[in-house]
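First up is the structure itself, then whatever we jot down about it.
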Amino acid sequence: MNLMLEVVNLKTGFDIEGEIYHAVDDVSFSVKPRQIIGVVGESGCGKSVMSLSIMKLLPMGIGQITDGEIKFQGKNIENNSNDEMNKIRGKDISMIFQEPMTSLNPVFTIGFQIEEVMLNHSNITKKEARNKAIDLLKSVGISRPEKIVEEYPHQLSGGMRQRVMIAIAIACQPKLLIADEPTTALDVTVQAQILELLKSIQEKNDMSIILITHDLGVVAEMCDEVIVMYAGKIVERTNVDNLFYNPKHPYTKLLMASIPRIDKEVEELATIQGIVPSLKNMPKTGCRFVDRCPSAMTECSTVTPWLETIDLDHDVACLLYKSSDIREGVR
């Protein structure tokens, strides 16, 4: 099967005081046509940096891809110039950014910001773009769109701004949509509406989606496959059923245990002790989760685990699932 996206051994670093520190370190995964991939993990695990690397929107002069390949529909785009990427961004690959409150430009109308994408990538007139912008606002569930196109972002609620961001992202019917925390800061009712909207758009347009989220409930609702990231690395990759019913990595198990459940009485919520290590304090060898892991062994501090298939459609990077010779440091 042809892949929509293939990321191979991606490394993305940031220049801090003249030294490169990697926020994404040797990450590989693929996205099939029409597939929805969930990416989960705590803040600081590299999820957003990975998505910005794919879009080549890293901060200039600070962030850089130092190794690896990014293939979109079989073509390596990692070395594309900014002009070449501008032809892809918004048209073939689009992104819903993390913060709807600040992602829209406050000095331009809603209509202008939706039309700009279409005028850049389609051979249509301004009048046609305006009519399509109104249709897009209708399609994302915004009432009185003829009035909304004339308004500015500060005049809209958070939920409406998020819908506008989705309208901009799907304006040119992209083949791949990256949604970075699309329901952050929205109330539960609006979250459900946004997720239902994304699902319907994905089915209608045959899109692939990379969905970055902290919310495992969103993963259960939306995703086919899940990538669990910790400290810049993928620690587990599997289908959504395995994630919830058969998690393997200790970090994944702790994430699952921290979900509040209404079918069980508990006196206090489970927590994961400690914090994700900063870029400057990232361990050079061994498992990066070792200091927080309740299942840590002596060799976890010295032997670096790699992602390995342990079962059908289930990859894990943990020494608990390695043979004894590997655990002793053969690799």
(message) Between THR189 and LEU312, what is 0.36 nm times their sequence separation minus the Cα-Cα distance? Round to one decimal in nm.
(response) 40.6 nm
(message) As a test of the formula, what do you get for the chain when each DSSP H run with n ≥ 4 contributes -39,500 (n - 2.57) and the sum is divided by the residue count, at 222 nm and rounded to the nearest 500 deg cm²/dmol?
(response) -9000 deg cm²/dmol
(message) Just to confirm the filter: which GluC sites (Glu not before Pro) across the stretch 108-170 are DSSP coil and have at most 14 other Cβ within 10 angstrom of their Cβ?
(response) GLU150
(request) Between beta-carbons, use under 14 Å as the cut-off and find the net charge around ILE93, counting Lys and Arg +1, Asp and Glu -1. (result) +2
(message) Give me the one-decimal nm value for the distance between modelled label points at SER278 and ASP241, 7 Å along each residue's Cα-to-Cβ direction.
(response) 4.5
(message) Restricting things to Cα coordinates, could you compute the convex hull volume per residue of the chain in Å³?
(response) 160
(request) Can you pull the one-decimal nm distance between simple spin-label points at ASP291 and THR271, each 7 Å off the Cα toward Cβ? (result) 1.7
(request) Compute the projected area of the convex hull of the Cα atoms of the stretch 249-327, averaged over all viewing directions, and report it in nm² to one decimal place. (result) 7.0
(message) Can you give me the distance in nm between label points at ILE262 and ASN76, each placed 7 Å from the Cα along the Cα-to-Cβ direction?
(response) 5.1
(request) Starting from the Cα of ASN120, step 7 Å toward the Cβ, then list every residue of the stretch 43-65 with an amide N under 14 Å from that point. (result) 55-58
(message) Using the Cα centre of the chain as the reference point, and only Cβ charges (+1 on K/R, -1 on D/E), how large is the resulting charge dipole? Debye, rounded to the nearest 20.
(response) 740
(request) Compute the acute angle (0 to 90°) between the alpha-carbon long axis of helix 110-121 and the principal axis of greatest extent of the alpha-carbon atoms of the chain; round to the nearest 10°. (result) 80
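Every number in this text was worked out from the coordinates using simple rules, so none of it is lab data. Please read these numbers as outputs of a predicted model, since none were measured by experiment. No Cβ is skipped: glycine too gets one built from the backbone with ideal geometry, and neighbour counts run over all protein chains shown.
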